[in-house]
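**Student:** Quick one: the structure is below, and I'll ask about it shortly.
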Number of protein chains: 4
Amino acid sequence: MVKKAGVLGATGSVGQRFILLLAEHPDFELHVLGASPRSAGKQYKDAVQWKQTDLLPENAQKIIVSECKAEAFKDCDIVFSGLDADYAGPIEKEFVEAGLVVVSNAKNYRREPGVPLIVPIVNSEHLSVIERKLAVAKAEGKSKPGYIICISNCSTAGLVAPLKPLIDAFGPIDALTATTLQAISGAGFSPGVPGMDVLDNIIPYIGGEEEKLEWESKKILGNLTKDGTDFAPLSNDEMKVSAQCNRVAVIDGHTECISFRFAKHPAPSVAQVKKVLSEYVCEATKLGCHSAPKQTIHVLEQQDRPQPRLDRNRDNGYGVSVGRIREDAVLDFKMVVLSHNTIIGAAGAGVLIAEILKAKDMI
Amino acid sequence: MVKKAGVLGATGSVGQRFILLLAEHPDFELHVLGASPRSAGKQYKDAVQWKQTDLLPENAQKIIVSECKAEAFKDCDIVFSGLDADYAGPIEKEFVEAGLVVVSNAKNYRREPGVPLIVPIVNSEHLSVIERKLAVAKAEGKSKPGYIICISNCSTAGLVAPLKPLIDAFGPIDALTATTLQAISGAGFSPGVPGMDVLDNIIPYIGGEEEKLEWESKKILGNLTKDGTDFAPLSNDEMKVSAQCNRVAVIDGHTECISFRFAKHPAPSVAQVKKVLSEYVCEATKLGCHSAPKQTIHVLEQQDRPQPRLDRNRDNGYGVSVGRIREDAVLDFKMVVLSHNTIIGAAGAGVLIAEILKAKDMI
Amino acid sequence: MVKKAGVLGATGSVGQRFILLLAEHPDFELHVLGASPRSAGKQYKDAVQWKQTDLLPENAQKIIVSECKAEAFKDCDIVFSGLDADYAGPIEKEFVEAGLVVVSNAKNYRREPGVPLIVPIVNSEHLSVIERKLAVAKAEGKSKPGYIICISNCSTAGLVAPLKPLIDAFGPIDALTATTLQAISGAGFSPGVPGMDVLDNIIPYIGGEEEKLEWESKKILGNLTKDGTDFAPLSNDEMKVSAQCNRVAVIDGHTECISFRFAKHPAPSVAQVKKVLSEYVCEATKLGCHSAPKQTIHVLEQQDRPQPRLDRNRDNGYGVSVGRIREDAVLDFKMVVLSHNTIIGAAGAGVLIAEILKAKDMI
Amino acid sequence: MVKKAGVLGATGSVGQRFILLLAEHPDFELHVLGASPRSAGKQYKDAVQWKQTDLLPENAQKIIVSECKAEAFKDCDIVFSGLDADYAGPIEKEFVEAGLVVVSNAKNYRREPGVPLIVPIVNSEHLSVIERKLAVAKAEGKSKPGYIICISNCSTAGLVAPLKPLIDAFGPIDALTATTLQAISGAGFSPGVPGMDVLDNIIPYIGGEEEKLEWESKKILGNLTKDGTDFAPLSNDEMKVSAQCNRVAVIDGHTECISFRFAKHPAPSVAQVKKVLSEYVCEATKLGCHSAPKQTIHVLEQQDRPQPRLDRNRDNGYGVSVGRIREDAVLDFKMVVLSHNTIIGAAGAGVLIAEILKAKDMI
């Protein structure tokens, strides 16, 4: 059955991508679009400054934009939030308290106890914390509670994708460095990254990004508490992470040069690492989710790949590409990871998370 | 006294930059320009496809291009080589055997025993190996022997600049990682890096670059043999180096995100590191060399600097900029280093090396 | 019935795009891939340096590459030529003489009498010259003769698309200027346009391009001779054309700023011009061709459109976008035209021409 | 004698360039820096977000920023205004009424009767309107009146530079078209042109630019009224001008593809046009002004020049480059003109105007 979907922050750049991804989606139908009071009451096509490479879908054009109040979204089976962090806090809280299911791209609740921080091709099993909560409510005869699932930061998504199957196969990684070369699309477009910053230039700093990447990877690659009711992020002793984040002249696709060391030695061989990555099938694919990648991780053998312009669209942006897998003189291995920052790193991840929720009967 | 200068590979991109830097130089005058037999016999202005942002200097325009034979350069006090590695080997050998002094940008002799590999703001004291050789010849009443000095690879130059004073102050660095974001100008212009590779893209591979950066830094930061007649590059045990090299859409200026660990602990503080870098004065500056930077290392405090477009021209490209100096969760420190790849990383380094040779009466 | 397709120059950039477009095409199946003797005998995947944003199609990977000899293509219903002009002349001639149908992207035969020069959304009625020839042969009981159809130059395609319906509606255009801002993809990728030419730069010259644009538009917008057996390009007196062609830092999509004057006055109004463009339906669309655009010409009302990154993919690159339609102080009208240079301006045009040939029973 | 200079809008991008150009200028010394009340009272180095490729000059760093009130500038011999158009109107008016001399980059007074609109290498003779006014005041024993000189729009400056000597030599131009490819630096940097607009893209629209280019060229290339007290811009009948303005991925340097027709026929030959352009010496050069170009117009013969990255810095950005001069099928001639938008098209023009004012004893 097709689920009713709402979008919060529908006129922003993340909101626009949610709308593109949902417009012809077999599992969801656009039901409510929420934006600022300035936009509310207008037809969506008149409220939005559409800046996507695909045309504004016809079935979204005439939807009358609502304010971001839970009342307007009460019929939604799921609500995707593309709100800015400045607004997301109280609005998302109100929605959850009203019993709604929110999948949010905002950073506000990522570190909140009990809130899953999900990269859908990596740690969908973390959703069990919510499943358990739903089961308890059901057992107690209570109405289904609202909840929020957070989408990870864009550069975190690419980083953890190849690490998860490696940890599953070879045990913990105790040291990890990542230098990122990040696309500008994630910063939005008005103004986003100024042209003067990006032409013939690099900006070796993205506010808050290194902290996000360092912290979120520890929650995503971490475990659940023993009772299964919460998350137990890795400690610094368990996994040291150091990130250096750069903005470069690329439209879409984050490239990350990473190095890492396994806790157990001898470390596996390069061939073993490649094998594990190539054979990894994420749960979303096993569940048959519509957007799940056919190949979760593409191991590229050409020495000059992955490249963002050529490889970012593998599996419609839901697949991650890994190349130049080789031994590292300082840690154990180094490699180049490429992921599509607006697909698996933002709106696209939200949609795939929702598909998983549906497959697991959580919405 | 003004020294007579020759340029090998004068029509290539490195050769053109040598000519620009030498055309109005107080220490040198352009005397002989050598290029392929195809160009020999023509006026330089007719032989070259000039692609610099400054006009072809008048005093170079009408020089008749010579072939790259030592005979034609015999009056030169110094010869700058911008030859491709494919040609540099035998030609430079012939020049040295003919008693000429060659400063070469080619990679061919960088690993040769007895050949100094010099970043002029870093290890000019390595020239003592040649000074000693010259002294011996003089003592033995022999004529002054020819010799070659190699300019380092461009990405190596930026990397070692801040490390040298830190090692001098705080002792050996035993682990070092560097992820580079390198400009395209170093690859020349016909064709150099294709536009399709560089627009909306990154190439996560530069042939041979990682090996050069890893090996050359060990020779440059290494010591002399006990008898002072040769070089003793650091071993892998003394300093582990791991590089990941990327080509990005920048015209000039290599950005490097580096991390390193000191052998001795406790490591210095961030403030101590900044102080040592800020106070470093390279020998070329002390010698009063014309092109030597007033400030060898610029320590930038703004969180989004250095940036290639804004900072590559510090001290006419002879100064290196370092920013974002901070502690590193995996090694001790991380920082961003920016250097001008065609100045301190190529032709400009050659000219400053020659100025040092002159200041030391070695030419 | 699915037609057997051959591709000449299959490893080049135009050839690769033919293969992508044909790999899952309902009307054609890849049958023979021709390339240089160096590639012949290898599997296509081993012969090609694949540089497309889509993966090499599975059904092309293992095809054994042939030499470009008619004998190897004799079973092909149609042959697409992506050959360089340096090679296309004699090879395409041999193919036609052997009775094959060639759709060529090379410039060699574009000015040849009797050879149609086709922009498939513009002048498919010019194919009648060939239809007549086929009918004559049939009437005479001769076997079906081979023939060649030329694809126009990329910047010509975008230019003539909006002019054709305007001429049909309002009579001849007697003066036309076009300043182009052309993408780099048309120049191929090894080396194509050097990165040093395209970063922070413009090249105000493309060899031969202005002449092509000026001449080809006169043939495409011209008529047939009275007997219908040949083409009567417009004379300079009938239509003066002046082009200024520039290469800019865009991957795909040619932008053209054009002005033009109608021979008859008073000229139509801006509103009339927009109406005619919006309502234009090309013959390929009427014929129901698979790749034909739903909307041939998109008239954009936003003042800052069309933009190559946002608008080049309208109708999968087969639609042309026109914006900023306004009166011109020197001629009658000015406007901005955007077309996808590798789709409607090259390989894609070839495929749509072939679809038209099939729809007209010419293959 | 060194003149005291003030700068209005000192923290903005135009203001920063005024400061760079004036910091070591032999004719001027930085005396007062004016900015918004938010900046007033701070040292300049603390008030500005410096974004130039040269370091903030030492002699500007510690100047205490003033508010933009005439009182604070009363000792200035000349005031350079880099104010935004939103603020320039009343402030510049107050300054002139207070008897100050203002050279303004803002558009506010460009169309005002009696106000010279000056491209300093083109129409410095238009300053006679002010000279006459000063002479009248002097004759009447009045104190020296304040006045304002407007700098032209950036794309206008490049356009009129080659046209002026051609009109002087061959009579009026009655039709002129210009398609511009404009750099992003003119739009400032916070935010200026968004990176998403400029990477792999073109914006075929710059608000108000076409109107400015069309109107300003008529004033600059026009004459004085008979009595010499005001300006008589060309009418549309005298010179038709049509502009199409585009923003492209270039940091500095506006490229313009222009065509034009002389009123008198036969038109001169291409050789005659080149000769007149090459031999043109602007008045500022004859007056020996410090920043005046040695060569006002560089006629380039290579078919692929001028290019912004390679040619924008001719004569420190005060020289204009013209290439591809050839006959035009629609009008008489076409050519490519390149000028440095922030030098001859903005702050640099202001400084050269001031040098002319000084040379003419007008300040």
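The values are calculated or read from the model by the stated rules, or taken from the named source; none is laboratory data. Note that the structure is predicted; figures quoted are calculated from it, not measured. Cβ coordinates were reconstructed from backbone atoms using ideal geometry, including for glycine residues, and neighbour counts include every protein chain displayed.
**Student:** Looking only at segment A:80-108, count every residue that is in contact with a helix residue (DSSP H, G or I) (Cβ under 7 Å, 6 or more places away or on another chain) and over 24 Å from A:Asp27 (Cβ atoms) and tell me the total.
**Tutor:** 3
**Student:** Sticking with this structure for a sec: If you take the residues of segment C:247-276 that are touching a Pro at 6+ places or on another chain (Cβ under 6 Å) and surrounded by fewer than 22 Cβ atoms within 10 Å (Cβ to Cβ), which of them is nearest to C:Gly345 (Cα to Cα)?
**Tutor:** Residue satisfying both the conditions and the ranking: C:Val276.
Okay, residues lined up against (1) assigned by TED's automatic domain parsing to the domain that holds A:Ala292; (2) in contact (Cβ under 8 Å) with a residue 12 or more places away in the chain; (3) in contact with a Gly (Cβ under 7 Å, 6 or more places away or on another chain):
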| position | (1), (2), (3) |
| --- | --- |
| A:Gly12 | no, yes, yes |
| A:Pro26 | no, yes, no |
| A:Ala35 | no, yes, yes |
| A:Arg38 | no, no, no |
| A:Lys45 | no, yes, no |
| A:Thr53 | no, no, no |
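**Student:** Please specify each residue of segment B:212-242 satisfying the condition of being of a type in the set (A, V, I, L, M, F, W, C), out of contact with any His (no Cβ under 9 Å at 6 or more places or on another chain) and away from every other protein chain (no Cβ under 14 Å).
**Tutor:** Correct list: B:Leu221, B:Ala232.
Matching residues to (1) among the polar types (S, T, N, Q); (2) in contact with a strand residue (DSSP E or B) (Cβ under 9 Å, 6 or more places away or on another chain); (3) crowded, with 18+ Cβ neighbours inside 10 Å:
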{"site": "A:Ile19", "(1), (2), (3)": "no, yes, yes"}
{"site": "A:Leu22", "(1), (2), (3)": "no, yes, yes"}
{"site": "A:Asp27", "(1), (2), (3)": "no, yes, yes"}
{"site": "A:Val32", "(1), (2), (3)": "no, yes, yes"}
{"site": "A:Gly41", "(1), (2), (3)": "no, yes, no"}
{"site": "A:Ala47", "(1), (2), (3)": "no, yes, yes"}
{"site": "A:Thr53", "(1), (2), (3)": "yes, no, no"}
{"site": "A:Glu58", "(1), (2), (3)": "no, no, no"}
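**Student:** Still on this structure: Of C:Glu92, C:Glu112, which residue is acidic (Asp, Glu), within 18 Å of the chain's Cα centre (by Cα) and surrounded by 15 or more Cβ atoms within 10 Å (Cβ to Cβ)?
**Tutor:** C:Glu92
**Student:** Name the residues in segment D:243-271 that are facing chain C (nearest Cβ under 7 Å), outside any loop (DSSP other than H, G, I, E, B) and over 20 Å from the mean Cα position of the chain (by Cα), would you?
**Tutor:** Scanning segment D:243-271 gives a single hit, D:Ser259.
**Student:** Given (1) within 14 Å of chain C (Cβ to nearest Cβ); (2) within 19 Å of D:Leu22 (Cα to Cα), where does D:Arg326 come up short, assuming only one miss?
**Tutor:** Going through (1) within 14 Å of chain C (Cβ to nearest Cβ); (2) within 19 Å of D:Leu22 (Cα to Cα) one by one, D:Arg326 breaks only (2).
**Student:** What residue, of C:Ala187, C:Ala175, is farther than 20 Å from D:Ile202 by Cα and either crowded, with 20+ Cβ neighbours inside 10 Å or in the same structural domain as C:Val299 (by TED's automatic domain parsing) (or both)?
**Tutor:** Criteria check complete, one pass: C:Ala175.
**Student:** Before we move on, is C:Gly253 on the phi > 0 side of the Ramachandran plot, at pLDDT 95 or above and not β-branched (Val, Ile, Thr)?
**Tutor:** Taking the combined requirement at face value, the residue satisfies it.
**Student:** Looking only at segment B:345-363, which residues are in a loop (DSSP other than H, G, I, E, B), over 14 Å from B:Met1 (Cβ atoms) and in contact with a strand residue (DSSP E or B) (Cβ under 7 Å, 6 or more places away or on another chain)?
**Tutor:** B:Gly345, B:Ala346 - these are the residues of segment B:345-363 that are in a loop (DSSP other than H, G, I, E, B), over 14 Å from B:Met1 (Cβ atoms) and in contact with a strand residue (DSSP E or B) (Cβ under 7 Å, 6 or more places away or on another chain).
**Student:** Now, a different point. So, in segment B:91-108, how many residues would count as being part of a loop (DSSP other than H, G, I, E, B) and under 12 Å from B:Asn153 (Cα atoms)?
**Tutor:** Count: 4.
**Student:** Would you mention how many residues in segment A:209-233 are farther than 17 Å from A:Ile148 by Cβ and either acidic (Asp, Glu) or within 18 Å of the chain's Cα centre (by Cα) (or both)?
**Tutor:** Here the count works out to 13.
**Student:** Scan segment C:215-245 residue by residue and report those that are polar (S, T, N, Q) and either under 21 Å from C:Gly317 (Cα atoms) or outside the structural domain of C:Pro308 (by TED's automatic domain parsing) (or both).
**Tutor:** Passing the criteria: only C:Ser217.
Per-residue answers, yes or no, for (1) farther than 30 Å from C:Val299 by Cβ; (2) hydroxyl-bearing (Ser, Thr, Tyr):
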{"site": "A:Gln61", "(1), (2)": "no, no"}
{"site": "A:Lys107", "(1), (2)": "yes, no"}
{"site": "A:Pro116", "(1), (2)": "yes, no"}
{"site": "A:Ser124", "(1), (2)": "yes, yes"}
{"site": "A:Ser128", "(1), (2)": "yes, yes"}
{"site": "A:Val136", "(1), (2)": "yes, no"}
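**Student:** Take the residues of segment C:170-211 that are part of a helix (DSSP H, G or I) and not charged (D, E, K, R): which is farthest from the other protein chains (Cβ to nearest Cβ)?
**Tutor:** Among residues in segment C:170-211 that are part of a helix (DSSP H, G or I) and not charged (D, E, K, R), the one farthest from the other protein chains (Cβ to nearest Cβ) is C:Phe170.
**Student:** Checking B:Leu221 against (1) of a type outside the set (Ser, Thr, Tyr); (2) closer than 17 Å to B:Ser124 by Cβ; (3) free of Cβ contacts under 8 Å to residues at least 40 places away in the same chain; (4) surrounded by 20 or more Cβ atoms within 10 Å (Cβ to Cβ), which single condition isn't satisfied?
**Tutor:** Evaluating B:Leu221 over (1) of a type outside the set (Ser, Thr, Tyr); (2) closer than 17 Å to B:Ser124 by Cβ; (3) free of Cβ contacts under 8 Å to residues at least 40 places away in the same chain; (4) surrounded by 20 or more Cβ atoms within 10 Å (Cβ to Cβ) leaves (3) as the failure.
**Student:** Would you mention how many residues in segment B:20-55 are farther than 18 Å from B:Ala346 by Cβ, of a type in the set (A, V, I, L, M), in a loop (DSSP other than H, G, I, E, B) and at pLDDT 95 or above?
**Tutor:** 1
**Student:** Can you pull out the residues in segment D:119-134 that are surrounded by fewer than 23 Cβ atoms within 10 Å (Cβ to Cβ), among the polar types (S, T, N, Q) and within 11 Å of D:Ile353 (Cβ to Cβ)?
**Tutor:** Listed by number, the list holds a single entry, D:Asn123.
**Student:** Suppose the filter is in a loop (DSSP other than H, G, I, E, B) and either farther than 28 Å from B:Met335 by Cβ or in the same structural domain as A:Ala70 (by TED's automatic domain parsing) (or both); does A:Gly141 pass it?
**Tutor:** So A:Gly141 passes the test.
**Student:** For segment D:235-253, state whether one or more residues are among the charged types (D, E, K, R) and without any contact (Cβ under 8 Å) to a residue 24 or more places away in the chain.
**Tutor:** Yes, there is a match, as at least one residue in segment D:235-253 is among the charged types (D, E, K, R) and without any contact (Cβ under 8 Å) to a residue 24 or more places away in the chain.
**Student:** Same structure again: Which number in (1) away from chain B (no Cβ under 14 Å); (2) under 16 Å from D:Ala354 (Cα atoms) marks the one condition that D:Leu20 misses?
**Tutor:** Of the numbered conditions (1) away from chain B (no Cβ under 14 Å); (2) under 16 Å from D:Ala354 (Cα atoms), the odd one out for D:Leu20 is (1).
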